[in-house]
Structure formats: structure tokens, C-alpha cells
């Protein structure tokens, strides 16, 4: 008698069915029958923008075939929270709840960006602020959560961090890239950058609008003081005055 996929094959006809229970018990003792039964596999795939796609496969065999990996790879990663998974695919024998999906994102991001070089540029001047050897160090520099930076890597979209509009890239930019960014940023930042304006009163640098942004944008400042945006950019955060005014992108 032998067993295949939880089915018993016998060479003789069973006559005494009262012996079946004992026969089955004796035969399967010590066998891991659970491994012979097909199990569903939940595969969570994570793309470059940290979007998660869930697929459900009917068996480990089907999973092996679709992912084009070895049986050992699947066994080594099933229900294991290994950063990176199998080519950004994470395998589980049960469906994840929302809490564990968030945990999975954390595990994935920790692996993906921990040792990633990050070049950060001032969006106004396009000067290199710094080259950091991890996203965590870049986040610490601006005193923000690293997740607030990750989704802006290589997007060519300026974000405001630490009172500055910045660009984040995984590679150093060449002159052509910097010129393209300059044209792009001038069209949007002038409308969105709040400006704090100070003057010296009784030898003390004093905000002209009671700790609120003096102007909601560079354009509004430009129109009111009748100066060009280029001039504003030149003096912004420079600690130098223009006609007695000091311009800052953060409250001093």
C-alpha cells in the first residue's frame, strides 16, 4: 500500500471495513501529509512607487512557474519577512491584513533605500545641498520622516523641506539636467514659495508681519516691492539686504 496526494492505493480488495481506521492510522503515522496537499500562495508585488499588487496562486507549483524561480527559493521566502523578497515579490500562506501590509511596506522600503546615495539640490539656485549615502541620513539632515522623501526621488518635482524647495535624485545631475530643472521650477515655485520679510528696527531684525509669512508667493512680493523674481532669488536666505529688506523662506 502507498499514498499519493492523500489517496491510498492498495493491491488487495478491502473486505473488513472495520479495519480501515487502524489501517489508515498505522499507514500515515509519521508522514507529513500536509505537504502533499496543494496550498494557496498569496504573492504581494511592490513596484518602484511602493504600490502593492496582490495575486493568489493555487499552489506552490503554480507560484514557482509564474515567478520562474526554484522550489527552494519559494520555501525559503514563504511567510518570511525578508527585505526585497523574491524580486520584490513577498510570499505568504495567508492573506495579509491592513496592518501587516503596512508592515510589509516598511520592510521593503528599509531594504530598498537604506544604502541608497541621494543627491539633493536647492530648487531655487540648483546648488548641491549634499550627497547622502542613505535616505535616512538625508531625512535626518532636514529633520523629517524618510518616507516623506522617498516618493520624490527622481520625480523632478520640487518639495519644500526644512524651509527650502529641493530636488532629490539617485544620481548626480549634469549641466543639461540642471538647465531643464531651472526652467521647470521657475514656472511653479514663484507661485508657491511663502516669503518672510524682515527689517532692522532698533538694531533688531524684525518680521514685518507678526510671525506670519509676509507674502504668499514670490510673485506677490515682486509686485508689491517692484523687484524681479530673479532679484528675490538672489537675496532669498542670503542674510543680505535689498533696500533694507531681508528675505527668508522660513521664519527666523
Item to check | Least to most buried among 152, 71 (fewest other Cβ within 10 Å first) | outcome: 71, 152
Item to check | Packing-based exposure ordering (other Cβ within 10 Å, fewest first) of 81, 42 | outcome: 81, 42
Checklist entry - With r defined as the distance between the Cβ atoms of residue 238 and residue 66 and R0 fixed at 45 Å, what FRET efficiency is calculated, to the nearest 0.05? => result 0.20
Checklist entry - Among 168, 205, 109, which comes first, then next, by fewest other beta-carbon atoms within 10 Å? => result 205, 109, 168
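Every read-out reported here was derived from the displayed coordinates using simple, explicitly stated rules and does not represent laboratory data. Computed from a predicted structure; not experimentally measured. Note: ideal-geometry Cβ built from the backbone for every residue, glycine included; neighbour counts use all protein chains shown.
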